[in-house]
Amino acid sequence: MPDKVLVVDDDLGARETLSRALLDEGFQCVAVEDAKQALDELRRDGFDAVAADIRLPGMSGFELIEHIHALPTEPAVIVITGFGSEQSAVTALRMGATDYLTKPIRLDQFVAAVRHAIEKRHASITAKDYQRTLERELRQKTQEVEMTFLSTVKALVVTLEARDKFTINHSKAVSQCATTIGKMLLLSQDELKELQLAGLLHDIGKVGVRDAVLTKTSSLTPEEFEEVKAHSTIGERIIKPVARFKNIARDIRHHHESFDGNGYPDRLSGTEIPLGARILAVADCYDAMVSARSYRGPHSVQAALDMIEHGAGSQFDPEVVSVFLERSRVFGVERAKVLVADDESSMREFLAEALSREGYQVILAKDGEEAVSKAEAERPALAILDARMPRMDGLQALRALRKTYPGLPVILFSGFSDLASGSGLLATDVPFLTKPIELSVLYAEVRKALAGAG
């Protein structure tokens with residue numbers, strides 16, 4: 001398609017002469033006598049170039065150039081005038097005109113100027129398109145690298161928690177708890193996504209802490225405690241290289257700061273501590289208290305809530321504690337109905353006896369189909385499912401239960417330790433236990449799941 005040029009000149013003779021010269025050279029051409037008509041044409045149709053006189057009735061050529069720059073498809077501009085001066089030429093070129101011609105204009109010079117301006121415009125558009133393509137490809141490659149990095153780090157979290165049976169599912173629970181608090185504090189979707197990831201990755205720095213220290217059953221020495229404290233800065237260094245995760249790295253660094261300034265690593269206080277880190281501090285401490293550790297059993301939900309409340313203003317941000325307690329006060333958890341599904345009768349009996357001993361009402365199912373059917377009849381408060389069962393496995397049962405009962409908390413378990421990462425459970429809110437199941441860990445996970453459901 002021929003390039004299209006708009007000629008703007010209040011002199012009828014000049015308009016016709018310039019238009020004829022362009023038409024003879026194969027251009028499409030439209031000619032108008034003032035800037036208002038020119039803008040109407042430009043808004044109605046696309047042009048590759050505008051050749052405009054400076055002196056026009058109503059609106060000057062310079063004012064017209066300013067309006068042209070605001071158009072989405074900006075054409076090239078050639079300024080023509082019968083009253084040329086060095087100052088007006090400089091002004092025109094500074095405003096983005098490609099060329100400046102004075103009357104009387106040689107027609108071959110005019111056509112060459114128009115052709116040059118259009119070629120320059122096409123080259124600029126091509127360069128911009130190429131730049132946008134490169135930027136799009138770079139963003140895509142960056143996202144792919146980031147996703148690979150994130151998947152690797154998440155897998156590292158699973159491996160890290162597997163080193164200590166007492167911290168299984170800790171990061172997932174902290175992530176879920178922190179995100180719930182963030183929603184109550186009306187954080188944006190982007191902030192919630194960052195908080196969710198920060199919760200999953202907050203302890204990644206413990207890869208730099210020796211197993212003997214992490215699993216020690218007695219009190220830590222001052223040197224060992226310093227080694228444990230270093231995990232927050234190690235975690236920051238692991239995550240920080242990804243520019244998009246800078247806020248996540250920051251929150252990981254500061255999630256052990258105290259509201260009164262007595263925390264670590266930087267002894268920040270009050271609102272000097274990033275909000276994400278203040279939220280993580282509450283979620284992390286709560287989950288640690290209601291979970292078993294190598295050196296103690298789990299605290300009850302009520303005891304943990306009381307300790308969180310006691311720490312408001314000293315260890316924790318009072319506002320964060322307030323919304324956390326509003327969400328987390330749970331009563332009557334001990335008498336909840338728990339559905340257990342496993343195709344191995346010995347495992348069903350083991351779990352039934354253990355949970356009954358803690359005061360829970362236990363409903364048993366031998367496979368996923370029976371679990372779904374009994375859930376319909378019994379309406380349990382929690383389902384504990386073997387991930388691998390005949391007829392309908394735990395993952396299928398999970399999906400079926402969540403479809404009918406979206407808020408039902410579920411715990412999955414299996415004798416295959418790699419099943420969690422392989423089935424994508426790491427990205428969900430579903431706790432995962434590996435056989436043989438440590439009872440203190442089971443009790444803690446059940447208590448947390450029921451507390452979250454409350």
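The values are calculated or read from the model by the stated rules, or taken from the named source; none is laboratory data. Note that the coordinates shown come from a computational prediction; the quantities given were computed from them, not determined experimentally. When we count neighbours, we look across all protein chains shown, and the Cβ atoms used for this are built from the backbone with ideal geometry, even at glycine.
Annotation: of all residues in the stretch 421-437 being surrounded by 16 or more Cβ atoms within 10 Å (Cβ to Cβ) and modelled with pLDDT of 85 or more, the one that is nearest to the chain's Cα centre (by Cα) is P431. Checked against (1) modelled with pLDDT of 90 or more; (2) touching a His at 6+ places or on another chain (Cβ under 8 Å); (3) not charged (D, E, K, R), V114 meets all criteria but (2). The single condition among (1) in contact with a strand residue (DSSP E or B) (Cβ under 8 Å, 6 or more places away or on another chain); (2) in a helix (DSSP H, G or I); (3) touching a residue at least 24 places away in the same chain (Cβ under 8 Å) that H116 does not satisfy is (3). Considering the stretch 71-104, the residues that are of a type in the set (D, E, K, R) and under 46 Å from the mean Cα position of the chain (by Cα) include one that is surrounded by the fewest Cβ atoms within 10 Å (Cβ to Cβ), namely R94. The condition (being under 30 Å from T233 (Cβ atoms) and in contact (Cβ under 8 Å) with a residue 12 or more places away in the chain) is satisfied by just one residue among M307, M347: M307.
Of all the numbered requirements in (1) assigned to a loop (DSSP other than H, G, I, E, B); (2) without any contact (Cβ under 8 Å) to a residue 12 or more places away in the chain, L71 misses one, and that requirement is (2).
One residue alone among E319, E334, E344, E353 is of a type in the set (D, E) and at pLDDT below 75, and that residue is E334. Selection over the stretch 343-395 of residues that are exposed (fewer than 15 other Cβ atoms within 10 Å of the Cβ), farther than 13 Å from L442 by Cβ and acidic (D, E) gives a count of 4. Any residue at all in the stretch 253-268 that's assigned by TED's automatic domain parsing to the domain that holds L195, in contact with a Phe, Trp or Tyr (Cβ under 6 Å, 6 or more places away or on another chain), surrounded by 20 or more Cβ atoms within 10 Å (Cβ to Cβ) and free of Cβ contacts under 8 Å to residues at least 60 places away in the same chain? Yes, the conditions are met somewhere in the stretch 253-268.
Quick check: anything in the stretch 386-400 assigned to a strand (DSSP E or B), modelled with pLDDT of 85 or more and closer than 30 Å to T159 by Cα? The answer is yes, given that some residue of the stretch 386-400 is assigned to a strand (DSSP E or B), modelled with pLDDT of 85 or more and closer than 30 Å to T159 by Cα. Of all residues in the stretch 367-379, exactly one satisfies the criterion of being assigned to a loop (DSSP other than H, G, I, E, B) and either at pLDDT below 85 or of a type in the set (V, I, T) (or both), namely R379.
Looking across the stretch 307-328, just one residue is among the acidic types (D, E) and in a loop (DSSP other than H, G, I, E, B), and that is D317.
The one condition from (1) loosely packed, with under 14 Cβ neighbours inside 10 Å; (2) farther than 17 Å from A249 by Cβ that L107 does not meet is (1).
When the stretch 205-235 is limited to residues that are among the β-branched types (V, I, T) and farther than 19 Å from G263 by Cβ, the one that is modelled with the highest pLDDT turns out to be T221.
Per the conditions (1) crowded, with 17+ Cβ neighbours inside 10 Å; (2) touching a residue at least 12 places away in the same chain (Cβ under 8 Å), the sole criterion not satisfied by D11 is (1).
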